[in-house]
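Written out below as structure tokens is the structure these notes cover.
The values are calculated or read from the model by the stated rules, or taken from the named source; none is laboratory data. From a predicted model like this one, the values you see are computed outputs, not experimental measurements. Please note: Cβ atoms are built from the backbone with ideal geometry, for glycine as well, and neighbour counts cover all protein chains shown. Please note that ligands, DNA and RNA were not included when accessible areas were found on the heavy atoms of the full protein model with its side chains. Shrake-Rupley method; radii C 1.70, N 1.55, O 1.52, S 1.80 Å.
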Amino acid sequence: MNESSKLQQAAVELISKYFGQNTAKVYDKFFVDESDSAIVVSVNSILSDYIGKTKAEEEIKKMTEGLTL
Amino acid sequence: MIIRRYIFLVILLVTSIAYFLSPSDRALPIQTLYQVISIGAALVALYASRIYGFKSANGRAIILIAAGLVVWAIAEIVWYVLQSFMGNNDFPTVTDIFFLLAYPIWGFGIYQGFTTAEVKLVRVRKSLLTLVFSASIILTILVSYFGIYQAYDPNADLLANIVAIFYGLGDLVLIILSLLTILVASEYRGGKLASFWKTMAAGFFVFLVADILFAMYRDQFMADIKPYAYIDLMWLSGYLLIAYAMLENYAHVYLVQKQIRLKLQQRR
């Protein structure tokens with residue numbers, strides 16, 4: 001699996017954690033044609049609104065750990 | 001959101017007026033009103049929680065809390081039928097199984113929420129921690145005295161005493177749960193999920209105060225003496241607060257889903 005696919009999978013898992021599987025499935029389809037930076041921005045945006053900026057940044061950091069973007 | 005908030009406030013206001021005006025708060029019409037609202041709130045909570053699915057960590061917490069509320073609503077229905085239609089005022093009854101079952105369900109739910117949030121105590125404001133712990137100590141003393149020590153009745157049988165004491169222990173659990181919900185809310189500071197957990201904390205706190213007052217004034221409550229009969233309004237407030245939090249949360253997640261589906265459609 002390439003790094004972009006790993007990022008997409010990690011992003012979808014993170015969305016599923018907080019928003020549930022139904023929301024995550026829709027985002028999975030949406031992320032297919034999105035760049036890595038767009039995926040990170042998108043996840044950061046919905047998470048910041050829902051779990052607060054500080055927590056969202058923590059989760060994004062964990063999500064991108066070990067990935068070469 | 002404002003309209004939803006006002007709907008819940010209006011329901012509470014109308015119910016309060018009905019209680020104040022009714023010559024008897026244990027009478028069938030008032031108790032039926034209580035049942036309709038408590039069951040309605042529980043069903044709203046359950047419906048709203050479904051948007052997540054059980055595979056989501058956050059969703060599991062929310063679904064379990066809603067399930068606990070439904071179990072309490074079932075207990076209310078059983079108590080309503082036994083008291084209002086069968087004239088049964090015995091203690092304990094099958095009602096108590098459902099009331100007590102809600103506490104561990106809520107416990108699992110809030111623990112799931114706490115672990116999902118990965119609360120870091122060092123980040124919680126010291127003033128908030130001090131306030132919460134102080135309140136917890138006061139409530140623990142009240143519950144331990146009225147809900148456990150005074151719950152023991154030397155004239156009652158062993159089963160009645162065990163069940164009575166278990167209610168007190170359940171309220172001690174509720175104190176811990178309320179504390180955990182405040183810590184979880186603190187972790188999501190600035191986000192919509194923080195509002196959800198704060199409202200949950202308010203709901204559980206109101207349940208706890210109602211339980212303590214019931215333990216203190218059970219005889220007066222059962223004798224339908226005002227203002228003790230108004231303890232019902234506190235339980236109803238708890239139901240409505242939790243249902244409101246669930247509905248607001250549902251509305252947000254639904255909006256997120258709607259927005260991303262729209263973006264997908266626009267792309268095609």
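Considering (1) surrounded by 17 or more Cβ atoms within 10 Å (Cβ to Cβ); (2) in contact with a Phe, Trp or Tyr (Cβ under 9 Å, 6 or more places away or on another chain), say which one B:Phe114 fails and leave the rest.
Single failed check for B:Phe114: (2).
Kindly indicate the residue of region A:6-31 that is charged (D, E, K, R) and over 11 Å from the mean Cα position of the chain (by Cα) and also farthest from B:Val256 (Cα to Cα) among those meeting that condition.
Per the stated criteria, the residue is A:Lys29.
Name the one entry in A:Glu58, A:Glu65, A:Glu3, A:Glu34 that is more than 11 Å from the chain's Cα centre (by Cα), open to solvent by less than 70 Å² (accessible area, probe 1.4 Å) and more than 14 Å from chain B (Cβ to nearest Cβ).
Of A:Glu58, A:Glu65, A:Glu3, A:Glu34, the one residue that is more than 11 Å from the chain's Cα centre (by Cα), open to solvent by less than 70 Å² (accessible area, probe 1.4 Å) and more than 14 Å from chain B (Cβ to nearest Cβ) is A:Glu3.
How many residues are facing chain B (nearest Cβ under 10 Å) and either touching a residue at least 24 places away in the same chain (Cβ under 8 Å) or among the basic types (Lys, Arg) (or both) if we restrict to region A:14-24?
Residues that pass the stated criteria total 4.
Here's the yes/no breakdown for (1) within 19 Å of B:Trp79 (Cβ to Cβ); (2) β-branched (Val, Ile, Thr); (3) surrounded by fewer than 17 Cβ atoms within 10 Å (Cβ to Cβ):
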{"residue": "B:Ser24", "(1), (2), (3)": "yes, no, yes"}
{"residue": "B:Ile37", "(1), (2), (3)": "yes, yes, no"}
{"residue": "B:Leu43", "(1), (2), (3)": "yes, no, yes"}
{"residue": "B:Ala48", "(1), (2), (3)": "no, no, no"}
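Is it true that some residue in region B:188-195 is under 20 Å from the mean Cα position of the chain (by Cα), in contact (Cβ under 8 Å) with a residue 60 or more places away in the chain and within 14 Å of B:Ile110 (Cα to Cα)?
Yes, that holds for at least one residue.
Tell me, yes or no, whether region B:95-114 has at least one residue that is of a type in the set (Asp, Glu) and not in a helix (DSSP H, G or I).
Taking every residue of region B:95-114 in turn, none turns out to be of a type in the set (Asp, Glu) and not in a helix (DSSP H, G or I).
Only one residue in B:Ile30, B:Ile63 is among the β-branched types (Val, Ile, Thr) and more than 14 Å from chain A (Cβ to nearest Cβ). Which one?
Exactly one residue qualifies, and that residue is B:Ile30.
Suppose we filter B:Ser127, B:Ser144 for residues that are open to solvent by less than 70 Å² (accessible area, probe 1.4 Å), without any contact (Cβ under 8 Å) to a residue 40 or more places away in the chain and part of a helix (DSSP H, G or I); which single one remains?
Exactly one of B:Ser127, B:Ser144 is open to solvent by less than 70 Å² (accessible area, probe 1.4 Å), without any contact (Cβ under 8 Å) to a residue 40 or more places away in the chain and part of a helix (DSSP H, G or I), namely B:Ser144.
Here is a yes/no grid of residues against (1) under 18 Å from the mean Cα position of the chain (by Cα); (2) outside any helix (DSSP H, G or I); (3) more than 10 Å from chain A (Cβ to nearest Cβ):
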position: B:Gln220; (1), (2), (3): no, no, yes
position: B:Ile242; (1), (2), (3): yes, no, yes
position: B:Val253; (1), (2), (3): no, no, no
position: B:Lys258; (1), (2), (3): no, no, no
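Go through (1) of a type outside the set (Phe, Trp, Tyr); (2) at the interface with another protein chain (Cβ under 8 Å from one of its Cβ atoms); (3) open to solvent by 40 Å² or more (accessible area, probe 1.4 Å); (4) in a helix (DSSP H, G or I) and name the single condition A:Ile46 misses.
The number of the failed condition is (3).
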